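A quick write-up on the structure given underneath.
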Amino acid sequence: MFRKFSLIRTEICNFSGFKIYPGHGKTFVKSDSRSYRLLNGKCESLFLQRKKPSKLSWTIVFRRLHKKGQAEEAAKKRTRRTVKAQRAVVGATLDSIKAKKNQKPEIRASLRQAAVAKSKDAKKAAQDKKKVELSKVKAAQKGNVSKQQMKGAAPKVQAKSR
Amino acid sequence: MLLLKSLAKVIDNSGALVVEVINVMGGMRVASLGDEVVCVVKKARAATSDGAANAVSKLKKGDVARALVVRAAQRVRRLDGTFVKFDDNAVVMLSKQGAPLGNRVLGVVALEARQKRWAKIASLAPKMV
């Protein structure tokens, strides 16, 4: 035997807008296959009389339409804005973070330029060094040398007969 | 809540339109959703109309056949505590073996049809409530 309240899902009355707890209300299926949940005899009677819920001041439809009770709803909802607080990280203390943040843009730009120039110089130096080394190696080798031999492989066996 | 002499709408394409109950199967006095019923065809579709069943012979006025109640205007309590009621009394025609006579069902059918093992009709139904 299954429990009656296994699905405690409150439905909403299609007429009044109130919640329908299990065990209450009726479901009315019209001939156009649309089903309506009605909370009680009051709603059912009015529904069958084809009354419009938007014209009955106690229904939720009416209240929403005429914006009743919205002021209280709005007052309850107060937006909460989180304050972002700066915290120190393992690599940088709070002061250093603040200092960096407050650096003037010109100073930052000049620092950045210096860093860029430095890296460029370093790169150029590395490239020059590489070139020199390469030319040395090439001078040591005689004749045409394959890429693999450059890397240090044994020389290719030349064909002596066809 | 269909009794002797109750009229019901036929919502399949077996050819019958309105049907009058002459007996309720299972020794009950009253037939509700998902109950089988014996009935007489009071009004039928014209013989040459299209959309009628082609598999079995069409029902004519005066034919006696069995039917399954699929919609009842009297409210019916479901096991979860809700009550359901429909706008009208409707019925799907059956053969003596329990197979539907039509091959299409039009309109809503109550869930009791599936619950009471009328799977064929439940599968034909476009919507179940």
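The values are calculated or read from the model by the stated rules, or taken from the named source; none is laboratory data. These figures come from a predicted structure and were not determined experimentally. A quick note on method: Cβ atoms are made from the backbone with ideal geometry, for glycine too, and the neighbour counts reach across all protein chains shown.
Quick one: in region A:27-46, which of the residues that are of a type in the set (Ser, Thr, Tyr) and within 24 Å of B:Gly107 (Cβ to Cβ) is farthest from the other protein chains (Cβ to nearest Cβ)? Walk me through how you get there before you give the answer.
First, pick out the residues of region A:27-46 that are of a type in the set (Ser, Thr, Tyr): A:27, A:31, A:33, A:35-36, A:45.
From what's left, within 24 Å of B:Gly107 (Cβ to Cβ): A:27, A:31, A:33, A:35-36.
Numbers: A:Thr27: 5, A:Ser31: 4, A:Ser33: 4, A:Ser35: 5, A:Tyr36: 10 Å.
So the residue we want is A:Tyr36.
Would you point out the residue of region B:113-129, among those that are closer than 14 Å to B:Gly98 by Cα and touching a residue at least 40 places away in the same chain (Cβ under 8 Å), that is nearest to the other protein chains (Cβ to nearest Cβ)? Break it down stepwise before answering.
Going residue by residue through region B:113-129, those that are closer than 14 Å to B:Gly98 by Cα are B:113-114, B:116-122.
If we keep only those that are touching a residue at least 40 places away in the same chain (Cβ under 8 Å) too, we end up with B:113, B:116, B:118, B:121.
On the way: B:Ala113: 13, B:Lys116: 17, B:Trp118: 18, B:Ile121: 16 Å.
Here the answer is B:Ala113.
Run B:Val69 past the list (1) surrounded by fewer than 22 Cβ atoms within 10 Å (Cβ to Cβ); (2) away from every other protein chain (no Cβ under 11 Å) and report the number of the one that doesn't hold.
Status for B:Val69: all satisfied but (1).
Of the numbered conditions (1) without any contact (Cβ under 8 Å) to a residue 60 or more places away in the chain; (2) under 23 Å from B:Gly15 (Cβ atoms); (3) in contact with a Phe, Trp or Tyr (Cβ under 6 Å, 6 or more places away or on another chain), B:Arg75 fails exactly one; give the number of that condition.
(2)
Among the listed residues B:Ala16, B:Ala8, B:Ala46, which satisfies the condition of being at negative phi and without any contact (Cβ under 8 Å) to a residue 12 or more places away in the chain? Break it down into steps so the answer makes sense when it comes.
Values: B:Ala16 fails: without any contact (Cβ under 8 Å) to a residue 12 or more places away in the chain; B:Ala8 fails: without any contact (Cβ under 8 Å) to a residue 12 or more places away in the chain.
Among B:Ala16, B:Ala8, B:Ala46, only B:Ala46 is at negative phi and without any contact (Cβ under 8 Å) to a residue 12 or more places away in the chain.
Scan region B:80-112 for residues that are charged (D, E, K, R), touching a helix residue (DSSP H, G or I) at 6+ places or on another chain (Cβ under 8 Å) and in contact (Cβ under 8 Å) with a residue 24 or more places away in the chain and report the count. Walk me through it before giving the result.
To start, the set of residues in region B:80-112 that are charged (D, E, K, R) comprises B:80, B:85, B:87-88, B:96, B:104, B:112.
Remaining after also requiring touching a helix residue (DSSP H, G or I) at 6+ places or on another chain (Cβ under 8 Å): B:80, B:104.
So of that shortlist, the ones also in contact (Cβ under 8 Å) with a residue 24 or more places away in the chain come out as B:104.
Qualifying residue count, region B:80-112: 1.
Which of (1) buried (at least 18 other Cβ atoms within 10 Å of the Cβ); (2) more than 14 Å from chain B (Cβ to nearest Cβ); (3) closer than 18 Å to B:Ala73 by Cα is the odd one out, the single condition A:Gln49 does not satisfy?
So the condition that A:Gln49 fails would be (1).
Here is a yes/no grid of residues against (1) assigned to a strand (DSSP E or B); (2) not basic (Lys, Arg):
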residue	(1), (2)
B:Lys60	no, no
B:Arg66	yes, no
B:Gln74	no, yes
B:Leu79	no, yes
B:Asp88	no, yes
B:Gly98	no, yes
B:Ala113	no, yes
B:Lys120	no, no
B:Ser123	no, yes
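Inspect region B:45-52 for any residue being modelled with pLDDT under 95, part of a strand (DSSP E or B) and farther than 15 Å from B:Leu3 by Cα and give the result as yes or no. Write out each step before concluding.
First, pick out the residues of region B:45-52 that are modelled with pLDDT under 95: B:45-52.
This time we only want the ones that are part of a strand (DSSP E or B), so: none.
No: region B:45-52 contains no residue that is modelled with pLDDT under 95, part of a strand (DSSP E or B) and farther than 15 Å from B:Leu3 by Cα.
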